[in-house]
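A.B. asks: Following this message is one structure expressed as structure tokens.
The values are calculated or read from the model by the stated rules, or taken from the named source; none is laboratory data. Here the structure is a predicted model, which is why all the values come from computation and not from measurement. As a convention, Cβ positions derive from the backbone with ideal geometry for all residues, glycine included, and neighbour counts pool all protein chains shown.
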Amino acid sequence: MATKNDGLSADERAAVKQRAAELRAQAKAGKTREAGEQALRAAIAELPDHDRELAEGIDRIVKDVAPHLIPKTWYGFPAYTDADGKIVVFFKAASKFTSRYATLGFEEAAQLDDGDLWVTSFALLELTPDTEARITAHIRKAAGA
């Protein structure tokens, strides 16, 4: 018998609905860099102040070190794809699921492989010179730049 704890949370259901809306919007507007950039800008603009600052910083870093990656949204998160449309890097705001930290994540298209074990995501609290340098290095490597 199903209980209230089974299945997706309200936040998770909202994310799935958001992803479906993204796919419909992409089908309508096309999968162009401009359409992706507009969607990404809108998603970042809707974030609370601290998450927005982090997302803008990640966006700046991606554009600086991996301008060939294509901006888009993915489940409402700012994300960047390779030329094949596969997600390389994404930013998940702390406010999205009421987490205590934002997440900088990498998907399978990221070129981060390092033997039998490598990092696929980081908790992110602040953009400091040190964290920016570390993020820059990971994004550069993930994007093959």
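A.B. asks: Restricting attention to segment 31-85, report how many residues are part of a helix (DSSP H, G or I), touching a residue at least 40 places away in the same chain (Cβ under 8 Å) and of a type in the set (Val, Ile, Thr).
C.D. replies: 4
A.B. asks: Quick check on this structure: which one of Pro78, Pro71 is in contact with an Asp or Glu (Cβ under 6 Å, 6 or more places away or on another chain) and buried (at least 20 other Cβ atoms within 10 Å of the Cβ)?
C.D. replies: Selected residue: Pro71, the only one of Pro78, Pro71 that is in contact with an Asp or Glu (Cβ under 6 Å, 6 or more places away or on another chain) and buried (at least 20 other Cβ atoms within 10 Å of the Cβ).
A.B. asks: While we're here: Residue check, Phe91 against (1) within 28 Å of Lys17 (Cβ to Cβ); (2) in a loop (DSSP other than H, G, I, E, B); (3) aromatic (Phe, Trp, Tyr), all met but one. Which one?
C.D. replies: (2)
A.B. asks: Ok, one more. Just the residues that are in a loop (DSSP other than H, G, I, E, B) and within 20 Å of His68 (Cβ to Cβ), please, taken from segment 109-145.
C.D. replies: If the condition is that a residue be in a loop (DSSP other than H, G, I, E, B) and within 20 Å of His68 (Cβ to Cβ), then Ala109, Ala110, Gln111, Leu112, Asp113, Ala143, Gly144, Ala145 are the ones that fit.
A.B. asks: Looking at Ala102, is it in contact with a helix residue (DSSP H, G or I) (Cβ under 7 Å, 6 or more places away or on another chain) and either more than 18 Å from Glu132 (Cβ to Cβ) or in contact (Cβ under 8 Å) with a residue 12 or more places away in the chain (or both)?
C.D. replies: yes
A.B. asks: If you check Glu107, Glu126, Glu132, which single one turns out to be within 15 Å of the chain's Cα centre (by Cα) and either modelled with pLDDT under 95 or acidic (Asp, Glu) (or both)?
C.D. replies: Of the residues listed, the single one that is within 15 Å of the chain's Cα centre (by Cα) and either modelled with pLDDT under 95 or acidic (Asp, Glu) (or both) is Glu107.
A.B. asks: Could you check segment 14-49 and list, in sequence order, the residues that are modelled with pLDDT under 80, within 18 Å of the chain's Cα centre (by Cα) and not aliphatic (A, V, I, L, M)?
C.D. replies: Lys17, Gln18, Arg19, Glu22, Gln26, Lys31, Thr32
A.B. asks: Report yes if some residue within segment 84-99 is closer than 17 Å to Gly144 by Cα, surrounded by fewer than 17 Cβ atoms within 10 Å (Cβ to Cβ) and touching a Pro at 6+ places or on another chain (Cβ under 9 Å); otherwise report no.
C.D. replies: no
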